[in-house]
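The values are calculated or read from the model by the stated rules, or taken from the named source; none is laboratory data. Computed from a predicted model, the values in this text were never measured in an experiment. Methodologically, a virtual Cβ is constructed for each residue, glycine included, from the backbone with ideal geometry; neighbour enumeration extends over all protein chains shown. What goes into the accessible areas is simple: the full protein's heavy atoms, side chains included, and nothing from ligands, DNA or RNA. Shrake-Rupley method; radii C 1.70, N 1.55, O 1.52, S 1.80 Å.
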Amino acid sequence: DVKVTQSSRYLVKRTGEKVFLECVQDMDHENMFWYRQDPGLGLRLIYFSYDVKMKEKGDIPEGYSVSREKKERFSLILESASTNQTSMYLCASSLYSRLKNQPQHFGDGTRLSIL
Amino acid sequence: TQLLEQSPQFLSIQEGENLTVYCNSSSVFSSLQWYRQEPGEGPVLLVTVVTGGEVKKLKRLTFQFGDARKDSSLHITAAQPGDTGLYLCAVSNSGYALNFGKGTSLLVTP
């Protein structure tokens with residue numbers, strides 16, 4: 001079974017801090033994704049990566065950056081945390097396929113609160 | 001971005017009842033996925049439907065892909081408390097990412 005592990009289940013940070021969310025997958029998947037999930041808004045894609053050191057902006061990249069130095073690890077960075085970034089953050093991975101309908105495997109999420 | 005509309009938004013039923021939730025769009029999809037997210041966990045894939053008119057069964061869950069591949073439904077027979085969760089439909093966009101609907105939140109009480 002694919003295991004996607006997010007480093008923290010709960011995190012509390014202060015406005016203006018630089019925040020790192022870490023995600024590791026153990027199945028050698030090429031694609032990795034960061035979403036945020038908010039009530040009434042669903043899952044929204046922040047960034048994704050299809051290879052080491054490669055990244056693509058999703059629907060809401062503002063205020064975030066990402067890093068993928070190794071295939072198994074994908075980090076989300078909040079450059080200067082703001083209260084509107086309080087949310088549930090979900091990491092996912094998937095296998096590369098030309099069919100582009102590969103299932104995504106999710107971690108259990110990090111509930112981030114910015115005070 | 002392909003817009004997916006899920007209905008109903010919330011559903012609260014008693015154990016043993018049947019229910020159907022819907023995922024609709026004006027776009028045609030090559031495939032559609034259904035996920036379930038239980039409280040405190042990430043979404044987990046239930047099924048992928050690919051062919052128009054396709055019906056897939058997963059125990060008490062029946063998934064149908066519309067003939068025109070623009071919509072899908074999920075029917076649960078004799079719901080149980082363990083079915084409680086958020087049901088999400090998702091489709092591929094032009095890249096490798098998925099677009100998700102906002103989900104149907106289901107509560108099954110004993």
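Counting lysine pairs in the protein assembly as shown that sit 8 or more residues apart in sequence, or on different chains, and whose Cα atoms lie under 21 Å apart gives 22.
Tally Lys and Arg at +1 and Asp and Glu at -1 over the other residues with C-beta under 12 Å from the C-beta of B:LEU32: what net charge comes out?
Here the charged neighbours net out to +1.
Using a probe of 1.4 angstrom and keeping all protein chains present, the accessible surface of the protein assembly as shown works out to 49 square angstrom per residue.
Using the Cβ atoms and a cut-off under 12 Å, what net charge is assigned to the surroundings of A:THR86, where Lys and Arg are +1 and Asp and Glu are -1? Here the charged neighbours net out to +3. Give the Debye-formula value of log10 I(q)/I(0) at each listed q (0.12 Å⁻¹), with one equal scatterer per alpha carbon of region B:5-109, two decimals each. Debye curve over Cα of region B:5-109, log10 I(q)/I(0) at q = 0.12 Å⁻¹: -0.36. Applying the Kirkwood pairwise sum to the alpha-carbon positions of the protein assembly as shown produces a hydrodynamic radius of 18.0 angstrom. In the protein assembly as shown, with Lys and Arg counted as +1 and Asp and Glu as -1 at Cβ, which of these residues, A:MET54, B:VAL47, B:LEU61, has the Cα nearest the positive end of the dipole, that is, farthest along it? The one lying farthest along the dipole's positive direction is A:MET54. Using a 1.4 Å probe over protein heavy atoms, the accessible area lost on pairing B with A, summed over both chains, comes to approximately 1800 Å².
Of the Cα atoms belonging to region A:1-100, the radius of gyration and Dmax stand at 13.3, 42 Å.
Counting alpha carbon pairs within less than 8 Å and at least 6 residues apart, what relative contact order, in whole percent, applies to chain A?
For chain A, the relative contact order is 35 percent.
When the other protein chains are added to the chain by itself, burial of at least 50 square angstrom of heavy-atom accessible area (probe 1.4 Å, ligands and nucleic acids ignored) affects these residues of region B:23-64: B:PRO43. For the residues of A:38-47, the average number of beta carbons from a partner chain within 10 Å of their own beta carbon is 4.
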